[in-house]
Structure formats: structure tokens, C-alpha cells
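The values are calculated or read from the model by the stated rules, or taken from the named source; none is laboratory data. What you are looking at is a predicted structure, and each value in this text was computed from that prediction instead of being measured. When we count neighbours, we look across all protein chains shown, and the Cβ atoms used for this are built from the backbone with ideal geometry, even at glycine.
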Amino acid sequence: MDVIAALCIAVSLAADAMTVAICCGMKSRRNERNTALLTGVMFGSFQIIMTVLGWSIGKVGLQIFSGENNAFAFLVLVLLGIKMLYDSRKKTPVSIAAVTLKEMVLLSVATSVDALALGTVLPMAVRASTTGDLIMSVFIIGIVTFILSYSGFRLGNRFVRFRPETACAAGGIVLIILAVKTLII
């Protein structure tokens, strides 16, 4: 197994999750270590689940999901981004509240859809010769995503000194940019 390739794949898959985790941290007004932990666990778990699902589907899955996964991720990220922009216009924006579990699940799915397509080619990408190698690769992806998402939430939470409306609007803009990126790449 090519551990360097697995780490590079893990970091590239976790980049979107980390960016969204930063936005989630900015959305929370309190120093929420438990929410940061939940963010890391949710994002890391969904990366694992989607990678395994893609791996299970195989090459047929790549053809089925390669165009649709981008549209799905785009739709979820744009809708959440628009919602955050809308909330930022309110006198008492929802951004003052902690990230809800529903939002967390939707964001976890949206940021891990690319792992579904990657899972279909993971054995070739990491030169895995055994099932153990594949399982190790999947856990590397999950652990890296956990670490970067947890760190991203904590980093975003430090920016809480911005006005909540500004943080919420910035988070919405970032989500929309990520959505557009999913269609381009």
C-alpha cells in the first residue's frame, strides 16, 4: 500500500470538510469543544461511510455517480449557503445558535460525496493489494478528516469575535463558493 498516496487523498478529501468546519465554528458563538468533536466525528465518519460505499459499488458506481454527486453536493451547499446569507440579514441571526444536528448531517453528506466516487478507484489509487490495505486507507481518510474538521471548527470558533452577522454571511459565501467548485472540478 502507498501510504503517501493515501495521506494525500485523505487531505484532499478533507479540505472541503475542514473549510465547512471553519464556517460551523464561526457560526457558533460559544467556545464549544463538544460541537468541535461532533463535527470531526461526523465529517470523518461520513468520509469513511461514503468511501466504503463507493468501494463496494466498484467501477459501475463511478459511472453512475460521477455526474450526479457534484449536482447533489452543489445543491446542498448552495441551499445551506443561501440560508446562512439569509440568516445573516436578520436582527438576531440563527448563527448565534450552535450548529444543529440536521445541519451537521447535511454538511457531512455534502462534503463527503466526492469520497463516494473516489472509493470506486481507491484500490488502484493507493495500490492496495489486500483488503487490509483498503481498510487502512479508509481509516486514514477518516482520521485525517476528523483531525482537520475538529481543528477547522476550533479555528473558526476563534473568529467568533466578528459580529455574528458577518461570520454567518462569510460562512454562506464560502459554502456557495465550495458549491460552485464542485461543478467545476
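Residues are listed down the side, and each one gets a yes or a no for (1) touching a Ser or Thr at 6+ places or on another chain (Cβ under 6 Å); (2) of a type outside the set (D, E, K, R); (3) buried (at least 23 other Cβ atoms within 10 Å of the Cβ); (4) at pLDDT below 85:
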position	(1), (2), (3), (4)
32	no, no, no, yes
48	no, yes, no, no
51	no, yes, yes, no
60	no, yes, no, yes
65	no, yes, no, yes
75	no, yes, no, yes
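Regarding the stretch 125-139, can at least one residue be identified that is among the charged types (D, E, K, R) and either closer than 26 Å to residue 53 by Cα or modelled with pLDDT under 85 (or both)? Steps first, answer last, please.
Step one: list which residues in the stretch 125-139 are among the charged types (D, E, K, R), which gives 127, 133.
If we keep only those that are either closer than 26 Å to residue 53 by Cα or modelled with pLDDT under 85 (or both) too, we end up with 127, 133.
Taking every residue of the stretch 125-139 in turn, at least one turns out to be among the charged types (D, E, K, R) and either closer than 26 Å to residue 53 by Cα or modelled with pLDDT under 85 (or both).
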**Asked** Among all residue pairs at least 6 apart or on different chains, which show Cβ distances below 7 Å where the first residue, located in the stretch 9-26, is more than 13 Å from residue 145 (Cα to Cα) and the second is basic (Lys, Arg)?
**Response** 25/154
**Asked** When you scan the stretch 115-130, how many residues do you find that are surrounded by fewer than 24 Cβ atoms within 10 Å (Cβ to Cβ) and either charged (D, E, K, R) or outside any helix (DSSP H, G or I) (or both)?
**Response** 4
**Message:** As an exercise: evaluate residue 82 against (1) touching a Ser or Thr at 6+ places or on another chain (Cβ under 9 Å); (2) under 24 Å from residue 179 (Cα atoms); (3) surrounded by fewer than 20 Cβ atoms within 10 Å (Cβ to Cβ); (4) modelled with pLDDT of 75 or more and give the number of the one condition it does not meet.
**Reply:** (1)
**Prompt:** Applying the selection to the stretch 99-114, what residues are surrounded by fewer than 23 Cβ atoms within 10 Å (Cβ to Cβ) and of a type in the set (S, T, N, Q)?
**Reply:** 100
